[in-house]
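Scroll down for the structure; my scribbles are underneath it.
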Amino acid sequence: MGNTHASLDDILAEDMHHWYNKFMRESPSGLITLFELKSILGLQGMNEDANSYVDQVFFTFDMDGDGYIDFVEYIAAISLMLKGEINQKLKWYFKLFDQDGNGKIDKDELETIFTAIQDITRNREIVPEEVVALIFEKIDVNGEGELTLEEFIEGAKDHPDIMDMLKKLMDLTPVLVIIVEGRQKPINAS
């Protein structure tokens, strides 16, 4: 009962058979829809920004664009979040941040995503506007107000402070804990 949440190492130690069984328990059809993902993660009734962030995560994980996350996409997503190479993670972050799909991220897109992530993770240690200002101050060397994928990756890798902030902001451990421990149970207020 006094058990702490599973660590990332514990999550990684789970075998594929266990992950498959868990996936099939949550989604017997073998496919997860956007609605089911929100249900699995206990994310109903969110504000508009948080809702659009979850939508964006779903569409980023739905690698073949068929409107479903299958087991392979599910495992790839969890694996990337847990142990992906930094370049892979930065590319994934960029794709997530680029809400309009124009190949560039601007300040509004970053602030919207960071705020939405905080609404979901409840981690408010970092002020999104400050992070975005710092990122653009250090990485947007041309002063265009937008970052390309290359600028974003190189800039993040060249600035350890930005990299640390991104890691903190993008820490999806609370979401993974929900997946690992099962669907959130509603608290009955009697």
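The values are calculated or read from the model by the stated rules, or taken from the named source; none is laboratory data. Being a predicted model, the structure only gives us computed values, none of them experimental. Using ideal geometry, Cβ is built from the backbone for each residue, glycine included, and neighbour counts are taken over all protein chains shown. Side chains included, ligands, DNA and RNA excluded: accessible areas come from the protein's heavy atoms. Shrake-Rupley method; radii C 1.70, N 1.55, O 1.52, S 1.80 Å.
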_Among the residues listed as GLU111, GLU137, GLU125, GLU129, the single one being charged (D, E, K, R) and not in a helix (DSSP H, G or I)_ = GLU125
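Residue-wise test of (1) within 17 Å of the chain's Cα centre (by Cα); (2) surrounded by 14 or more Cβ atoms within 10 Å (Cβ to Cβ).
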{"position": "LYS104", "(1), (2)": "no, yes"}
{"position": "ILE113", "(1), (2)": "yes, yes"}
{"position": "ARG124", "(1), (2)": "yes, no"}
{"position": "LEU147", "(1), (2)": "no, yes"}
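Looking only at segment 133-145, which residues are of a type outside the set (A, V, I, L, M) and open to solvent by less than 90 Å² (accessible area, probe 1.4 Å)?
Looking only at segment 133-145, we keep the residues that are of a type outside the set (A, V, I, L, M), and these are 136-138, 140, 142-145.
Those that are of a type outside the set (A, V, I, L, M) and open to solvent by less than 90 Å² (accessible area, probe 1.4 Å): PHE136, LYS138, ASP140, GLY143, GLY145.
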*Return only the number of the condition from (1) surrounded by 12 or more Cβ atoms within 10 Å (Cβ to Cβ); (2) at pLDDT 60 or above that GLY45 does not satisfy.*
(1)
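Listed here are the residues, each with its yes/no results for (1) modelled with pLDDT of 90 or more; (2) part of a loop (DSSP other than H, G, I, E, B); (3) surrounded by 12 or more Cβ atoms within 10 Å (Cβ to Cβ).
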| site | (1), (2), (3) |
| --- | --- |
| ILE153 | no, no, yes |
| ASP161 | no, no, no |
| LYS167 | no, no, yes |
| ILE178 | no, no, yes |
| GLN184 | no, yes, yes |
| ASN188 | no, yes, no |
